[in-house]
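Once you've had a glance at the structure underneath, I'll fire off some questions.
The values are calculated or read from the model by the stated rules, or taken from the named source; none is laboratory data. Keep in mind the model is a prediction, meaning the values are calculated, not measured. With ideal geometry, Cβ positions are generated from the backbone for all residues, glycine too; neighbour counts draw on all protein chains shown.
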Amino acid sequence: MPEDVGRVIGRARRRIRLQRAIEGATLGLLAAALTSLIMVLLFKLRVVDEAALVAFGVAAAGAVVLGALVGALLKVPVIAAARALDARADLADRLGSAWDFGHSAERTPFMEAAIRDASRAANGLRVGTFLRLRAPSHLRAALLLLCALGLLTVLRIPIDDDTLAAVAPRPPPPPPPLVPPFQAALAQKKVEESQKEAKRLEDRKTQKILQKLEQLWKDIASRKFDKRALWRRIAALQRPDGAKLTEDEKAELGRLKKTGEAMKTAAIGRRLGDALGRQDLEEAQRALRDLARRLQDKRLSKKERSELERALKRATDKTRKELSSMRRKLEQLKKQLAKRKLEKLAKNKKQRELERLSKELEKLQSMLSTKLSQELMDALRKMKKYEDADAGRSLEKAAERMKQLMKRLRQLRLAARTRDHIREMKELLRRGNQGQRDDQLRDFTLRAGNGQGEDITLLLPGQGKEGEGQGDQGDDGRSLKRPGTCGKCGGGHPTKEHGQAGKQGQQGGPSDGQGPGIGTGSNLKLGQATDLKDAKYRDVQLRGKKGRGESTSEIFMGAATKGFSRVGYKNVYLRYKEAVEEALEKNKGIPHGYKRIVEKYFEMIQPR
Amino acid sequence: MTDTVEAKVEQFRRHFTRLGEEVSRVIVGHHEIIEGVLTCILSGGHALLEGVPGLGKTMLVRSLADALKLAFSRIQFTPDLMPADVIGTNMIVEDEHGHKRFEFQRGPVFANILLADEINRATPKTQSALLEAMQEQRVTVARSTYELHKPFFVLATQNPLEMEGTYPLPEAQLDRFLFKLQVRFPSRDELHAIVERTTQKESPSVSPVFGREEILWMSQLLREVPVARHVQDYAVRLIEATHPGSPGAAAITNKYIRYGASPRGAQAVLLGAKARALVHGRFAVSYDDLRATAKAALRHRIILNFEGEAEGIATDGLIDDILKTLPEVAP
């Protein structure tokens, strides 16, 4: 192959390499500019530091060099170079053919002629003229990006720490509270109060339990919990034992009431009697101590002393009678027991009968051991002997016994309250957990339905003008309904007219007219105050017979006479709940089961 | 004759140009057709001219025959034309001694240039009589083979409009034509020239330029033209690209073509390209030569599928698309 042709083709190859290197560098520059733009933006937003930016800049420059190198080192076939030059110089493939013929083993005259022809064409051929370096195809885009990069570098982004915080990746949201915060706070407050009480009563065991309970509530409130660990801690809580008053304590408390009645008959013992009547042992204790001191200090007048003596006599007589009656009963029981033991009854039946009698006997014996009554009787006996100082000491001892009883009662109440605290915690956690499961179930249902599932429609109650209207909407078995209420008189069912408004929202349901009315009043808009000017009121008075027990009535002004209530539901709830708890606490005669029903009701309506 | 290749090529080019110019004295325009027909003659192939009546197809062939001092015969193909009417038949002749014997009476096929006018009007039987003559350049009658004159060139014409009572040429016979040339309607200037030349008192005539020897020399020279490997590879890939399902097939090929060009197509492209290279005074075939001859060499060798036929796809358009998408240097 002639040198001319080879040289020209070689030059063309170098030219093509150079062009490819430029293309590669431009492509690298484009990529580097694009990524640099992002990096500078991140730097301006203070997401990356200066060192990272510099390192990236070096890498970007490296990308440009790498692109150029890759472009330059890519293989350029000789034929491709020759063809490119042939096409540009309009040589009708003379160079390419000559190169091919030059490498042919057997050259024909025609081939030789073709090579000579190509050599003539290549002689003086200026490769640069025909294979001009073109502007890279990505140059414009790369330049635009560089301009944008320059602008971004020069510009100052006014950004404050708040914005930065908003831009910065946020930590994962804390887990949803298991218990509504206000309920947790309320329960915690109750535990704190109980703990104070435990401290006062020096009940260390209960105090320890309450401390653990308080810590649990704190952890729940701060959401620093692991559910399983939490449940384990609750399960490990030692419940205060369900100790009850012993039989003698019960008997003593019962006798105190009778003692109080007897003491009320005398002016000097009225304070004590009233306090015992109210079962206010603290006051009773103070009154008894006062009496004891006055007796000891001889500060009682004769009249007062004789009144006190008489009152004590009345009180102890009752006790004495009761005790003698109980002793008689005890003797009878002993006889019965002895007799039963001799009888040939069936083995099991005999055993049960014996056990019953033994228990009753034991109960009576314990009831007979009454320290307080004994002290009162001692006081009376000593007063009769005019040993007022000793009598006063006996009264002091009776007061001390009363104090012990009072403390015992308080401890028992505290234990019961602590048990309630634990139960309440479990209940609230269970409901919180149930709520989360409900949310998950609802999400799952919506996702599974993919928008085609049946939504549970909560239909609002219809509002009518008169309380006697009947809704005509049937129940389709899918919708949750509430009975319609009259928006203007505060009760009743929607009228037929307004019931139709609800009909539009529930097509397809059987219209048997048995279901509650639905729909809204046509003149009312959401958020608009109820107009009461046309409302009809009807006062109803209830009659009852006197003497059949106390009847209390209360007028609730909570229902707004105009407009909507502006008191928050939570506040109302808390107020009412506290009132109810107080009432339950005071009224001792309410069975525990009934109390539980009331508590359950308030648990159900508590705000979420 | 000259000795050097350059001189030979120059001689070839001069002959070709002169022949073309001589034919152009009678035939107005149709330079591509004249060049195509001459290429066919020099390549040893046959040409199929397709065009509506009155465009000067017959005149072109007659003028060419006059200019080349070659034996010319013309057959007007009709439905009742028999094979014997084309190739000849044995006839009983009586010699001077009164002995009777069979003697082969040569048909019109025994000529250097055969004009098969309206070839598609003859029955397939008669059309196929030309098959052996076109490919083998000899005919066999009653177990006797007769060589045809050299050069032997068939130039067939067909009318694309009147399809009633015609017998379209089978693919096998179409493949035997080197080129299929489409005679277009002349331009306004050409029409002026045609009218002027043919309505004067003296019509232009063609003078003989050169004879059989020169034709054979030129044909031989043409086949000596070398083709570089990468250029030949382009021609091969071009043929491959017309075959649906082949690795190099274009999308349009797979969509509209049922069968692609045969290897004869590659031969036709290269021979046409060689002739073109010589005519342009070059010593090797270029890509442009291949592209210039591709349509004439391949348009009758590509068979469209039903979709292509239904959509009225022209094979010329398909070849253009294939040429556009085909890379010059194999990847």
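Do we have A:Asp161 as of a type in the set (Asp, Glu) and either at pLDDT 75 or above or in contact with a Lys or Arg (Cβ under 9 Å, 6 or more places away or on another chain) (or both) here?
no
Taking the range B:1-50 as the search range and keeping residues that are within 14 Å of another protein chain (Cβ to nearest Cβ), of a type in the set (Val, Ile, Thr) and surrounded by 21 or more Cβ atoms within 10 Å (Cβ to Cβ), which one is farthest from B:Ala273 (Cα to Cα)?
Here the residue is B:Val5.
Could you list, in sequence order, the residues of the range A:109-135 that are within 9 Å of chain B (Cβ to nearest Cβ), free of Cβ contacts under 8 Å to residues at least 60 places away in the same chain and either under 12 Å from B:Pro226 (Cα atoms) or among the aliphatic types (A, V, I, L, M) (or both)?
Once the filter is applied, which keeps residues that are within 9 Å of chain B (Cβ to nearest Cβ), free of Cβ contacts under 8 Å to residues at least 60 places away in the same chain and either under 12 Å from B:Pro226 (Cα atoms) or among the aliphatic types (A, V, I, L, M) (or both), the range A:109-135 yields A:Pro109, A:Phe110, A:Met111, A:Glu112, A:Ala113, A:Ala114.
Find all pairs meeting these conditions: Cβ atoms under 8 angstrom apart; at least six residues apart or on different chains; first residue within the range A:578-606 and on the phi > 0 side of the Ramachandran plot and modelled with pLDDT of 85 or more; second residue surrounded by 10 or more Cβ atoms within 10 Å (Cβ to Cβ) and not in a helix (DSSP H, G or I).
none
When you go through (1) surrounded by 17 or more Cβ atoms within 10 Å (Cβ to Cβ); (2) without any contact (Cβ under 8 Å) to a residue 12 or more places away in the chain; (3) within 55 Å of the chain's Cα centre (by Cα) one by one for A:Asp49, which number turns out not to apply?
A:Asp49 satisfies every listed condition except (1).
I'd like to check which helices (runs of 4 or more DSSP H) are fully inside the range B:219-280 and have at least 2 residues that are within 14 Å of chain A (Cβ to nearest Cβ), surrounded by fewer than 23 Cβ atoms within 10 Å (Cβ to Cβ) and among the basic types (Lys, Arg).
B:229-241
Criterion first (crowded, with 16+ Cβ neighbours inside 10 Å, in a loop (DSSP other than H, G, I, E, B) and modelled with pLDDT of 75 or more) does A:Val179 satisfy it?
The answer is yes for A:Val179.
Given the criteria more than 14 Å from every other protein chain (Cβ to nearest Cβ) and under 17 Å from B:Arg14 (Cα atoms), does B:Val209 qualify?
Taking the combined requirement at face value, the residue satisfies it.
Ok, one more. All but one of (1) more than 14 Å from chain B (Cβ to nearest Cβ); (2) farther than 17 Å from A:Leu27 by Cα; (3) in contact with a helix residue (DSSP H, G or I) (Cβ under 8 Å, 6 or more places away or on another chain) hold for A:Ala80, so report the exception by its number.
All conditions pass for A:Ala80, except number (1).
How many residues does the range B:198-218 contain that are farther than 18 Å from B:Ala67 by Cα and either in contact (Cβ under 8 Å) with a residue 60 or more places away in the chain or in a loop (DSSP other than H, G, I, E, B) (or both)?
Here is the first cut: in the range B:198-218, the residues farther than 18 Å from B:Ala67 by Cα are B:198-202.
Subsequent filtering for residues that are either in contact (Cβ under 8 Å) with a residue 60 or more places away in the chain or in a loop (DSSP other than H, G, I, E, B) (or both) retains B:199-202.
Count: 4.
Given (1) surrounded by fewer than 15 Cβ atoms within 10 Å (Cβ to Cβ); (2) part of a strand (DSSP E or B), where does B:Lys125 come up short, assuming only one miss?
Evaluating B:Lys125 over (1) surrounded by fewer than 15 Cβ atoms within 10 Å (Cβ to Cβ); (2) part of a strand (DSSP E or B) leaves (2) as the failure.
To continue, here is another question. Please state which of the following conditions B:Ile322 fails to meet, knowing it meets all the rest: (1) buried (at least 22 other Cβ atoms within 10 Å of the Cβ); (2) more than 24 Å from A:Ala118 (Cβ to Cβ); (3) within 14 Å of chain A (Cβ to nearest Cβ).
(3)
Filter the range A:83-108 down to residues that are at negative phi, among the aliphatic types (A, V, I, L, M) and free of Cβ contacts under 8 Å to residues at least 24 places away in the same chain and give me whichever is nearest to the other protein chains (Cβ to nearest Cβ).
The qualifying residue nearest to the other protein chains (Cβ to nearest Cβ) is A:Ala87.
Hey, B:Val285 hits all of (1) over 22 Å from the mean Cα position of the chain (by Cα); (2) within 14 Å of another protein chain (Cβ to nearest Cβ) but one; which does it fall short on?
Condition (1) is where B:Val285 drops out.
Whether any residue in the range A:211-221 is assigned to a helix (DSSP H, G or I) and in contact with a His (Cβ under 8 Å, 6 or more places away or on another chain) is what I want to check.
Yes, there is a match, as at least one residue in the range A:211-221 is assigned to a helix (DSSP H, G or I) and in contact with a His (Cβ under 8 Å, 6 or more places away or on another chain).
Here is a follow-up. Looking at A:Ala166, A:Ala141, which one is at pLDDT below 80, away from chain B (no Cβ under 14 Å) and over 30 Å from A:Arg423 (Cα atoms)?
A:Ala166
Please tell me if A:Ala68 is away from every other protein chain (no Cβ under 14 Å) and either crowded, with 19+ Cβ neighbours inside 10 Å or at pLDDT 90 or above (or both). Don't jump to the end; show me each part of the working.
On the way: away from every other protein chain (no Cβ under 14 Å): yes; either crowded, with 19+ Cβ neighbours inside 10 Å or at pLDDT 90 or above (or both): yes.
Yes; evaluated as a whole, the condition is true for this residue.
May I pose another question? Need pairs with beta-carbon distance below 8 Å; first residue within 11 Å of A:His138 (Cβ to Cβ) and within the range A:18-45, second in a helix (DSSP H, G or I) and β-branched (Val, Ile, Thr); sequence gap 6+ or separate chains.
Going by the 8 Å Cβ cut-off, the qualifying pairs are A:Gly24/A:Val70; A:Ala25/A:Val64; A:Ala25/A:Val65; A:Gly28/A:Val64; A:Gly28/A:Val65; A:Leu29/A:Val64.
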